[in-house]
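Q: Here you go, one structure.
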Amino acid sequence: MSIVLLLTASILGAAALLTVIRLTIGPTILDRSVALDVLMAITICGMAVYSAHRHTTYALPVLLVLSMVGFVGSVSIARYASGTDDVEAEDDSDDHRGHP
């Protein structure tokens, strides 16, 4: 079991290091957003491996909250990057463009 744990920890550590590098050199905000989302997923995986190794379940609510925060953060950044505030307002303005 310790070999599998060591291998998993080293792979997750390498993935986190490469993701942090991508986060720092990403030329656009969307590249950084994807890197941040991947880093959140790596953190969740690391916590799940730790919880499985220790045979505990106290980290499960934390994993759930982290996954929700990661999703909301990604959607918020994508919304910010698109430059629009309200999709319904944008759809309403599209209907009135052709009519005087």
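Q: Given the criteria modelled with pLDDT under 85, in contact with a helix residue (DSSP H, G or I) (Cβ under 6 Å, 6 or more places away or on another chain) and either aromatic (Phe, Trp, Tyr) or exposed (fewer than 12 other Cβ atoms within 10 Å of the Cβ) (or both), does Thr84 qualify?
A: Here the answer is yes, as Thr84 does meet what is asked.
Q: Does the range 70-80 contain at least one residue that is modelled with pLDDT of 90 or more and surrounded by 14 or more Cβ atoms within 10 Å (Cβ to Cβ)?
A: The answer is no; no qualifying residue exists.
Q: Could you say whether any residue in the range 44-66 is at pLDDT 85 or above, under 11 Å from the mean Cα position of the chain (by Cα) and open to solvent by 50 Å² or more (accessible area, probe 1.4 Å)?
A: no
Q: So, in the range 21-51, how many residues would count as being over 30 Å from Arg79 (Cα atoms) and either in contact (Cβ under 8 Å) with a residue 40 or more places away in the chain or β-branched (Val, Ile, Thr) (or both)?
A: 1
Q: Return the pair list, or none, for Cβ contacts closer than 8 Å from residues in the range 56-70 that are free of Cβ contacts under 8 Å to residues at least 60 places away in the same chain to residues that are among the charged types (D, E, K, R), at least 6 apart or on different chains.
A: Between residues of the range 56-70 that are free of Cβ contacts under 8 Å to residues at least 60 places away in the same chain and residues that are among the charged types (D, E, K, R), the close pairs are Gly70/Asp37.
Residue-wise test of (1) outside any helix (DSSP H, G or I); (2) in contact with a Lys or Arg (Cβ under 7 Å, 6 or more places away or on another chain); (3) over 17 Å from Ile77 (Cα atoms); (4) among the polar types (S, T, N, Q).
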site	(1), (2), (3), (4)
Ala9	no, no, yes, no
Thr19	no, no, yes, yes
Tyr58	yes, no, yes, no
Val65	no, no, yes, no
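The values are calculated or read from the model by the stated rules, or taken from the named source; none is laboratory data. Owing to the predicted nature of the structure, the values given are computational and were not obtained by experimental measurement. No Cβ is skipped: glycine too gets one built from the backbone with ideal geometry, and neighbour counts run over all protein chains shown. Protein only, heavy atoms only, side chains kept; ligands, DNA and RNA dropped before computing areas. Shrake-Rupley method; radii C 1.70, N 1.55, O 1.52, S 1.80 Å.
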